[in-house]
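The values are calculated or read from the model by the stated rules, or taken from the named source; none is laboratory data. Computed from a predicted structure; not experimentally measured. Cβ placement follows ideal geometry from the backbone for every residue including glycine, while neighbour counts extend to all protein chains displayed. Side chains included, ligands, DNA and RNA excluded: accessible areas come from the protein's heavy atoms. Shrake-Rupley method; radii C 1.70, N 1.55, O 1.52, S 1.80 Å.
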Amino acid sequence: MIFSLAVYSPPYSSQASESAYRFAEALLAEGHSLYRIFFYQDGVHNSSQLLTPPQDETDFTSRWRELSERHHIDLVVCIAAALKRGILDEEEANRYEKPAHNLHEGFALSGLGQLVDAALMSDRLVTFGG
Amino acid sequence: MRKKILFISRHAPYGSSIAKEALDAVLTAAAYDQDLSLLFMDDGIFQLLPNQQANAIGQKSFASMLPALPLYDVENIFVHLESLQARGISKNELLFDSVQTLDSTAVSALLAQQDHLLSF
């Protein structure tokens, strides 16, 4: 079965990101495929390369990136939700003349249409947080 | 192939951005020519009240945004009856007269018909 996940809550303040990650690992272990993970609302904070947790806590951004590389999963961050929360890639930082960018490698900023597309391309779309 | 997609909006219009970001997702999905429906339940029904003065708190009013839904071909708009009753609101107080009220049993049936549920 083809799955996609939607993550609506930030790491650390909410359990949703951890639950989404565990669900992703579990479905892949069962032989299903994961088409896309879409980060929306405060979930966009999962994609900041500036997250700096203490050593004994999970590094969410790197872990998503590692999962994505291992299984070739599309990590898409809603561009409108990201920009207003200060998550920018280099192109957007240049466009808006901001002094820095922080989107972690392996994540892509794109439109909300990618959430709808994930629903259309997947047998199951599972939402975490909100 | 067209899919049946139901958006469920369960949060109050202001105080958090969930309701606004749900509406953005609905309007985006409307461009994909799918079989869309939208259900308001729990505090989500407060989005449907007229006379919202969102300017006073630096927000945009749902009362001015929601009437655009039919223009985007989002015509299946439902309201959960028990959520209305629990808040002492009657259907004729809502922004739209085209919304359909569904009791919990009918909501269950609506959910069961869908290919996907997007809950906000």
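Observations, loosely collected:
- Residue that is nearest to the chain's Cα centre (by Cα), among those in region B:13-22 that are within 10 Å of chain A (Cβ to nearest Cβ) and in contact (Cβ under 8 Å) with a residue 24 or more places away in the chain: B:22
- Residue B:25 being within 14 Å of chain A (Cβ to nearest Cβ), on the phi < 0 side of the Ramachandran plot and out of contact with any Gly (no Cβ under 9 Å at 6 or more places or on another chain): yes
- Applying the set (1) touching a Phe, Trp or Tyr at 6+ places or on another chain (Cβ under 6 Å); (2) buried (at least 22 other Cβ atoms within 10 Å of the Cβ) to residue A:32 leaves exactly one unmet item: (2).
- Some residue of region B:67-87 being of a type in the set (Gly, Ala, Ser), closer than 28 Å to residue A:125 by Cα and in contact with a Leu (Cβ under 8 Å, 6 or more places away or on another chain): yes
- Residue B:101 under 25 Å from residue A:110 (Cβ atoms) and surrounded by 12 or more Cβ atoms within 10 Å (Cβ to Cβ): no
- Just so you know, in region B:74-98 the residues that are in contact with a helix residue (DSSP H, G or I) (Cβ under 6 Å, 6 or more places away or on another chain) and open to solvent by 50 Å² or more (accessible area, probe 1.4 Å) include one that is nearest to residue A:7 (Cα to Cα), and it is B:82.
- Some residue of region B:13-30 being more than 25 Å from residue A:9 (Cα to Cα), open to solvent by less than 50 Å² (accessible area, probe 1.4 Å) and not hydrophobic (A, V, I, L, M, F, W, C): no
- Of all residues in region A:71-130 being more than 14 Å from every other protein chain (Cβ to nearest Cβ), free of Cβ contacts under 8 Å to residues at least 40 places away in the same chain and of a type in the set (A, V, I, L, M), the one that is most open to solvent (accessible area, probe 1.4 Å): A:100
- One residue stands out among those in region B:29-55 that are more than 24 Å from residue A:78 (Cβ to Cβ) and without any contact (Cβ under 8 Å) to a residue 24 or more places away in the chain: the one that is nearest to the other protein chains (Cβ to nearest Cβ), which is B:55.
- Test: residue in region B:47-68 that is open to solvent by 60 Å² or more (accessible area, probe 1.4 Å), among the aromatic types (Phe, Trp, Tyr) and under 25 Å from residue B:31 (Cα atoms): no
- If you go through region B:1-12 and keep only what is within 10 Å of chain A (Cβ to nearest Cβ), open to solvent by 40 Å² or more (accessible area, probe 1.4 Å) and touching a strand residue (DSSP E or B) at 6+ places or on another chain (Cβ under 6 Å), you end up with just B:2.
- Residue list for region A:42-53, restricted to those being open to solvent by 10 Å² or more (accessible area, probe 1.4 Å) and either in contact with a Cys (Cβ under 6 Å, 6 or more places away or on another chain) or part of a helix (DSSP H, G or I) (or both): A:42, A:45
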